[in-house]
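Visitor: The structure's right below; bear with me while I get my questions together.
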Amino acid sequence: MTSNHGSKDMTVDVLIIGAGASGAAAAASLSEAGFKVKCLEQGFWQDPSKYASASADYDFEMLTNWSVDPNKRQLDEDYPINIDNSPVTPVMFNGVGGSTILWTAHTPRFHPSDFRVKTLDGVADDWPLTYEDIEDYYDRNDEVMGCSGINGDPANPPRKPRQMPPLPIGSDGMRLINAFEKLDWHWWPSDNYINSEPYGEGRDACNFCGHVHMGCFKRAKASTDLTYWPRALNNGAVIETGARVRRVTTNSSGTATGADYVDAKGVERHQPARSVVMAANGIGTARLLLLSKSDSHPDGLANSSGLVGKNLMFHPFAMITGVFPEKMNTWQGPLSNFAMSQEFYETDKSRGFVRGYTYQFQRSLGPGWVANGGFTNAIPWGDNHHEELEKRLGSMMAIAVIGDDLPELHNSVDLDPDLTDSDGIPAPRITYTLSQNSRDLLDHGIKNATKVFETAGATNIYVDPLMRQSGWHLMGTARMGEDSSNSVVDKWGQAHDVDNLFIIDGSVFVTGAAVNPTPTIQALALRTADYIITNRNDLRG
Amino acid sequence: MASQHSTQEQLLEAIMDRMIPAVGDLPSAGQMGLFDEIVRLAAKQKRFENLFHSAMAAFESNIPDFLTSSESVQDENLKTFELNNPEHFNTIRTIVYIVYYKDSRVHKRIGWDGNPPQPQGYEMDPWDESVLVNARKREPFWRKV
């Protein structure tokens, strides 16, 4: 039995599916322009004062109820993901704010070259837009989220000043930086959506607790429940939480008409809408489009190209951990991304691969985390246990290699034939293999990061050649392009097949670059919202 | 039921004794009375609790005479279990390490303040722009399109 919430017309102008990074940005923008906006979010609001970083059980919570891996977290609002055929585990969070609740908030921008990889390097495809097309949207997004960082980075184009100075580097950070300088390799303080000083409504400065990946108790890390959503709600946008979408509905001519969903009480409902905006991430959006088959869209919604769910890109990560002879209290400060290097970002074919990678500088955490390995293997049990813990605690740092992962058709999301979520909706299944180019790129990064640790004086160096739990960045499964035969949406995020369906999450990426994608996702979401505001008055009721 | 609980407690404590030996003025982990905390913590998530009980059951069925074996044989048994049942072994080791390193006696020995990360956080010296003196000397090298 499906209900429309009563008899009066509940049709909204824009129905957004997913309340994370992109859905929040679009909701704020569209509602400010007077569109009637509703968002369906399968998760719930979070209370920062209850984040597990303030619990004595935080080490256990990090691996269970607050794990970044939904297969380990297993909250009712999570959906399982079949990862049997993937060496990388996708990680995400379902709730208002989406994965920005648990992200590390590292916010570099794409380079201009990232939008032109076909032209420059002869691989993958060019984007149908340029860096310059979204530069203003990057700036707008920084203003709302709040960026700490500093101008002058020689690896990136000049840009407007950030809202705050960088987070402090610390003596431990300088240890790595001095090594990069000895090697004459680039480094620069990272851009972060973490407050280095109070910024935004009710948002404090970071107090360097380290556990940035467990939700921010101080509200210093920008998550969209704290940034965009208050604006959107103030403009009259509505969020329904605990609302799990079954399918986007269409009429006989193939136009989107809203969504069927299960509400928080388990009641089947329908939300009518004049347009639908997909913002459920690079796995969730592909899953829903494939679930939304109809007579008009027999292979899934907006899938005449056959590319929905194809070209899944993660950023493959390698992690190199070094142990230093000195105690540096490496648990103090954000775990991730206080600085980065893009020495090997741009293509140099003499290296034996195309595209490149970013180095992200990482710290460490407390004894429970260190004992269980941190970014490497657990410390041994038995006679050497105490000695090894003593060596690593406060002395361990890491460098992540985040590589540009090019799109490949066989890397994909489809519907699992057996696995379902708690409402019986088919779960996604991931098929992913690492390309030889990505492997070569990571190996190059490992070799040079090892050189950094040796130069810095590390006494032990551990290598994880491909991190399992590193699928933060979910991209490519509904790519944009000019040609409807080889792309799902156009350069505005509008589906080629359905003119009132838009996609604004990482699904639309043509290539992945070698940086964290969220500022780019949000910039594109703001751009799509502007397109709707300017060009789609027909969607207003 | 009480005897089952007692058997599991004895078995886990024997495993813990081999995993984390005595150090300084601390006894080996199995002698620190941590079993109840392990059971409490594991029960905070059903998935983990099930994994924990499965791991213990697998250990017990694979190595039924662990409790009566010598320490050297126990070490060999543990190594074999770690090699052949890595997921079960990791589950046990993970919860043992977490509970051991949340104990205030251990904090005192290793010099850890013992507070959760929040709300205190930590102090850091403020951002110092002088660290960029060398990095700023480099000419722009991003690839122009």
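Visitor: Working only within segment A:141-177, note down all residues that are surrounded by 17 or more Cβ atoms within 10 Å (Cβ to Cβ) and part of a helix (DSSP H, G or I).
Guide: Correct list: A:ASN141, A:ASP142, A:VAL144, A:MET145, A:GLY170, A:ASP172, A:GLY173, A:ARG175, A:LEU176, A:ILE177.
Visitor: Test of understanding: among A:ASN178, A:ASN195, which residue is polar (S, T, N, Q), more than 12 Å from every other protein chain (Cβ to nearest Cβ) and in contact (Cβ under 8 Å) with a residue 40 or more places away in the chain?
Guide: A:ASN195
Visitor: Please determine whether any residue of segment B:1-21 is assigned to a helix (DSSP H, G or I), at pLDDT below 95 and aliphatic (A, V, I, L, M).
Guide: Yes, segment B:1-21 contains at least one residue that is assigned to a helix (DSSP H, G or I), at pLDDT below 95 and aliphatic (A, V, I, L, M).
Visitor: Consider only pairs whose beta carbons are under 6 Å apart and that are at least six residues apart or on different chains; among these, list those whose first residue lies in segment A:265-288 and is under 16 Å from A:LEU312 (Cβ atoms) and whose second residue is crowded, with 24+ Cβ neighbours inside 10 Å and polar (S, T, N, Q).
Guide: A:MET278/A:THR285; A:GLY282/A:THR477; A:GLY282/A:SER507; A:THR285/A:SER507; A:ALA286/A:THR477
To keep it simple, each residue is scored yes or no on (1) without any contact (Cβ under 8 Å) to a residue 24 or more places away in the chain; (2) crowded, with 16+ Cβ neighbours inside 10 Å; (3) within 30 Å of A:ILE532 (Cα to Cα).
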| site | (1), (2), (3) |
| --- | --- |
| A:ARG429 | no, yes, no |
| A:LYS447 | yes, no, no |
| A:ASN460 | no, yes, no |
| A:ASP464 | no, yes, no |
| A:SER470 | no, yes, no |
| A:MET475 | no, yes, yes |
| A:GLU482 | no, no, yes |
| A:PHE509 | no, yes, yes |
| A:GLY512 | no, yes, yes |
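Visitor: Same structure again: With the condition kept exactly as written, say whether any residue in segment B:26-47 is at positive phi, at pLDDT 95 or above and surrounded by fewer than 14 Cβ atoms within 10 Å (Cβ to Cβ).
Guide: Yes, segment B:26-47 has at least one match.
Visitor: Out of curiosity, is B:ARG105 surrounded by fewer than 20 Cβ atoms within 10 Å (Cβ to Cβ), within 21 Å of A:ARG392 (Cβ to Cβ), of a type in the set (D, E, K, R) and at pLDDT 95 or above?
Guide: It is true that B:ARG105 is surrounded by fewer than 20 Cβ atoms within 10 Å (Cβ to Cβ), within 21 Å of A:ARG392 (Cβ to Cβ), of a type in the set (D, E, K, R) and at pLDDT 95 or above.
Visitor: State the number of residues belonging to segment B:38-61 that are within 10 Å of another protein chain (Cβ to nearest Cβ) and acidic (Asp, Glu).
Guide: Adding up the residues that qualify gives 1.
Visitor: Considering only residues that are buried (at least 24 other Cβ atoms within 10 Å of the Cβ) and in contact with an Asp or Glu (Cβ under 8 Å, 6 or more places away or on another chain), which ones fall in segment A:216-225?
Guide: Of everything in segment A:216-225, just one residue is buried (at least 24 other Cβ atoms within 10 Å of the Cβ) and in contact with an Asp or Glu (Cβ under 8 Å, 6 or more places away or on another chain), namely A:ALA220.
Conditions (1) at pLDDT 95 or above; (2) buried (at least 21 other Cβ atoms within 10 Å of the Cβ); (3) not β-branched (Val, Ile, Thr), marked per residue:
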residue: A:THR227; (1), (2), (3): yes, yes, no
residue: A:LEU233; (1), (2), (3): yes, no, yes
residue: A:VAL277; (1), (2), (3): yes, yes, no
residue: A:GLY282; (1), (2), (3): yes, yes, yes
residue: A:ASN311; (1), (2), (3): yes, yes, yes
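Visitor: If you don't mind, there's one more thing I want to ask. Of all the helices (runs of 4 or more DSSP H) wholly in segment A:44-133, which have at least 1 residues that are more than 9 Å from every other protein chain (Cβ to nearest Cβ) and more than 30 Å from A:THR511 (Cβ to Cβ)?
Guide: Filter on segment A:44-133 gives A:58-63.
Visitor: Inspect segment A:220-229 for any residue being farther than 19 Å from A:ALA21 by Cα and at the interface with chain B (Cβ under 10 Å from one of its Cβ atoms) and give the result as yes or no.
Guide: no
Visitor: Taking segment A:424-457 only, how many residues are hydrophobic (A, V, I, L, M, F, W, C) and within 30 Å of A:THR285 (Cα to Cα)?
Guide: Number satisfying all stated conditions: 6.
Residues checked against (1) hydrophobic (A, V, I, L, M, F, W, C); (2) assigned to a strand (DSSP E or B); (3) over 30 Å from A:ARG175 (Cβ atoms):
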{"position": "A:LEU419", "(1), (2), (3)": "yes, yes, yes"}
{"position": "A:ASP423", "(1), (2), (3)": "no, no, yes"}
{"position": "A:ARG429", "(1), (2), (3)": "no, yes, yes"}
{"position": "A:SER438", "(1), (2), (3)": "no, no, no"}
{"position": "A:THR450", "(1), (2), (3)": "no, no, no"}
{"position": "A:THR455", "(1), (2), (3)": "no, no, no"}
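The values are calculated or read from the model by the stated rules, or taken from the named source; none is laboratory data. Fair warning: this is a prediction, and the values are worked out from it, not measured in the lab. Using ideal geometry, Cβ is built from the backbone for each residue, glycine included, and neighbour counts are taken over all protein chains shown.
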